[in-house]
Amino acid sequence: MTPDLPIPDVVQNLTPFQALMIPVALIGAVFLSLGAQFQSRGVQRVEARLGQQSKGLSVRHVLALLGSGNWVLGTVMLGAAIVLQLVSITYAPLIVVQPLGAVALVVTTWFSSRSSGVPLGTQARRAVWTCIGGVALFVLIAALYGRESPIGRGQLITVLVVLAIVLTLVVVSFRLVAKRRNALYYIIGAGILYGFVATLAKVTLNRIVNGTFDWVTAFAIVGVVVASAVGAYFVQNAYSSGSADLVIAGLTVVDPIVAVGIGVIVLDEAAGAPVGAGIGFLVAGAIAITGVFLLAKHHPDSRR
């Protein structure tokens, strides 16, 4: 096993180079938005041809998606979004760049409304801006107090153990809840899993850059693959039972909250932050989550 390198406990606050990762993350958010729109169209067209399933997409549906031009294009765009996200979280604190994905919500709602010709309505727009406002506050606090910290083997093992517990709960809950075709269930489940994906990707890249790759890091890569696969399946089911706007709203709120929570509690990315900052994180998270539930209630697709 390769021992951890002796790196200072807290490296530094945001440097000019780390600040450059913010526009990188924003461009990734645009690709995320467009990718979600095209994937959603692909899922809807496949279900229109093969019929909807009562307990999630079948293997036949999943294979049919591979032949859908819209779905494949959306997947390519999401792949580009993931690459840009990985670049940003490699060189900047997770709690700063991860929440910026919320920009995708604005792009998605605008694109969806324009393409469908159905206006969101006052309450739905208010829900969108509630999400954005909560995440913006979250990013502001993170930018002020976020720090890049070295990641040790013990921290990585902790994240992997929690992920194993979460995956177990997801599998059990899927058997009980899937038949209800609840979009929020799939969105929250995918958001939680993607939060772990972002964290494990951050940890893996951090340890590779610092020359501390070992067998635990290899398990982290396995965790990224498994959580990504299950999360992707949940997202496709969310497209089946909810709008692309709602899916993006949930993912861009739940994902960063989970990732930032792990970053703060396990990875010490807010080490030294005052108590007020912690309270601010909680308030901002509550505002953003409230926006997701309001959008689920007032979105035109939900009302129909």
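The values are calculated or read from the model by the stated rules, or taken from the named source; none is laboratory data. Everything numeric in this text was worked out from a predicted model, so none of it was measured. Cβ placement follows ideal geometry from the backbone for every residue including glycine, while neighbour counts extend to all protein chains displayed. We work out accessible area using only protein heavy atoms, side chains counted, and drop any ligands, DNA or RNA first. Shrake-Rupley method; radii C 1.70, N 1.55, O 1.52, S 1.80 Å.
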**Fill in**
Between the modelled labels at Ile208 and Thr290 (7 Å from Cα along Cα→Cβ) the distance in nm is 4.1 nm
**Separation of the Val275 and Val225 label points, Cα + 7 Å toward Cβ, nm** = 4.7 nm
**Prompt:** Ignoring ligands, DNA and RNA, what percent of the accessible area of region 164-244 is carbon or sulfur (1.4 Å)?
**Reply:** 76 percent
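Given that compact globular proteins tend to follow 2.2 N^0.38 Å, what is the ratio of the alpha-carbon Rg of region 148-256 to that value? Display every interim value, and only then the final one.
Details: Rg = 14.9 Å, N = 109, 2.2 N^0.38 = 13.1 Å.
Ratio of Cα Rg to 2.2 N^0.38 Å: 1.14.
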**Asked** Along region 167-173, what does the Karplus equation 6.51 cos²θ - 1.76 cosθ + 1.60 (θ = phi - 60°) give for ³J(HN,Hα), rounded to whole Hz, x for Gly and Pro?
**Response** 4, 4, 5, 5, 4, 5, 5
**Prompt:** Ordered by residue, what ³J(HN,Hα) values in Hz, to whole numbers, does region 222-237 give under the Karplus form 6.51 cos²θ - 1.76 cosθ + 1.60, where θ = phi - 60° and Gly and Pro are x?
**Reply:** 4, x, 4, 5, 5, 5, 5, 5, 5, x, 5, 5, 5, 4, 5, 5
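By average Cβ neighbour count within 10 Å, what is the ranking of 189-196, 84-91 from highest down? Spell out each step's value before the answer.
Values: 189-196: 26.1, 84-91: 20.5.
Final packing ranking: 189-196, 84-91.
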